[in-house]
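Here's the structure we're looking at; comments come further down.
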Amino acid sequence: MRSSSSVPTIPWAEHGADLAALLAAHARTATRRLGPEVSGAVLARPCRAPRAASGATAAGERVLDEGAVLTPAVMGMLVALGIMEVAVHEPFEVLVVSGAHAATAAACGASLRAAGAAVTTIGEDRLADPGDRTSEELGAADLLVTIGHAEDPLRTRGLGVDAGLIRVRLAQEPGGIQGIGTLSTGTRHLARVDLPADPVAALVVCETLLRPTLRGPSPTRFRLPLRTDDPIVSAAGLRTALATRVLPSGSLRAVGPSLAAFARADALAVIPEETTEVRDGDLLDVSLLPARGVL
């Protein structure tokens with residue numbers, strides 16, 4: 001592994017594009033009949049009305065775009081229009097292998113499930129079991145997420161070898177050094193991301209980098225003013241992610257950088273790369289976190 005000083009720093013958007021390209025080869029769609037089992041699924045193709053309805057909707061009119069989430073109300077509308085089946089994105093199968101503290105794996109696994117992925121999480125204690133099912137799970141996965149450089153046990157047991165893994169420093173705080181590339185299991189190349197062991201950094205990367213690439217429900221986004229007693233400084237050229245609470249007034253307040261603070265947060269605010277200081281009342285882009293049950 002190269003020393004941290006030799007690890008290049010690349011923009012957040014560029015890193016996201018790299019990951020999206022790797023996952024594109026594993027993307028699947030399926031036609032599903034509307035019902036409770038597809039609630040929360042994301043449309044893979046637009047929906048058009050097969051017939052006119054109550055004079056308000058013309059036959060052939062587009063009623064939903066690709067990317068729409070199948071909520072109960074949306075499904076009721078589609079059935080009323082005579083649409084009984086839709087094309088949806090199948091969830092990505094994600095295997096999380098953690099060599100870090102259990103809290104990091106738990107937080108990242110929950111974040112990826114909220115993004116619509118089907119997640120299996122294993123720790124190094126299970127990898128030590130000679131009868132474990134890791135090789136089968138690797139064969140079924142679309143994406144391997146390793147935490148705290150947990151790829152070593154995989155190589156030791158002959159379950160896979162790095163194939164083009166590149167380590168980069170994400171231009172985001174919290175961020176740290178990430179790995180992105182593939183793992184060769186002998187029969188296939190599996191998209192892979194290596195996250196830092198620090199639970200806050202790993203969780204922020206899951207929310208800001210992995211979540212948008214998994215084709216699950218997109219988080220609700222707003223632009224809200226930040227309330228702060230003192231200016232918040234952000235390093236030039238870095239995105240800074242802030243754990244925040246949305247106040248009854250419709251403004252934000254940062255709650256701190258710790259994992260406990262993130263547990264209390266209901267929104268993630270982002271200070272863009274070109275901004276080095278945020279003062280009271282400045283507007284920030286905000287994504288609601290799924291911890292409060294709101295995506």
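Observations on the structure shown:
- The residue that is most open to solvent (accessible area, probe 1.4 Å), counting only those in region 254-280 that are in a strand (DSSP E or B) and touching a Ser or Thr at 6+ places or on another chain (Cβ under 6 Å), is A254.
- Region 112-146, subset part of a strand (DSSP E or B) and open to solvent by 10 Å² or more (accessible area, probe 1.4 Å), residue modelled with the lowest pLDDT: G123
- Counting only strands (runs of 3 or more DSSP E) that sit wholly inside region 1-111, those with at least 2 residues that are modelled with pLDDT of 80 or more, in contact with a strand residue (DSSP E or B) (Cβ under 9 Å, 6 or more places away or on another chain) and within 27 Å of A201 (Cβ to Cβ) are 93-98.
- For region 62-99, the set of residues classified as free of Cβ contacts under 8 Å to residues at least 24 places away in the same chain and of a type outside the set (G, A, S) consists of R62, V63, L64, D65, E66, V74, M77, listed by residue number.
- Matching residues in region 216-239 - criterion: being closer than 22 Å to A114 by Cβ and either free of Cβ contacts under 8 Å to residues at least 24 places away in the same chain or open to solvent by less than 40 Å² (accessible area, probe 1.4 Å) (or both): G216, P217, P219, L224, R239
- Selection count, region 201-225, where residues are modelled with pLDDT of 85 or more and of a type in the set (S, T, N, Q): 0
- Where T228 falls short, out of the listed (1) over 30 Å from V38 (Cα atoms); (2) modelled with pLDDT of 80 or more; (3) outside any loop (DSSP other than H, G, I, E, B): (3)
- Conditions (1) in contact with a helix residue (DSSP H, G or I) (Cβ under 8 Å, 6 or more places away or on another chain); (2) more than 16 Å from G175 (Cβ to Cβ); number of the one not met by V270: (2)
The values are calculated or read from the model by the stated rules, or taken from the named source; none is laboratory data. What you see is a predicted model, and the numbers here were worked out from it, not measured in a lab. As a convention, Cβ positions derive from the backbone with ideal geometry for all residues, glycine included, and neighbour counts pool all protein chains shown. Ligands, DNA and RNA are excluded from the accessible area calculation, which covers all protein heavy atoms including side chains. Shrake-Rupley method; radii C 1.70, N 1.55, O 1.52, S 1.80 Å.
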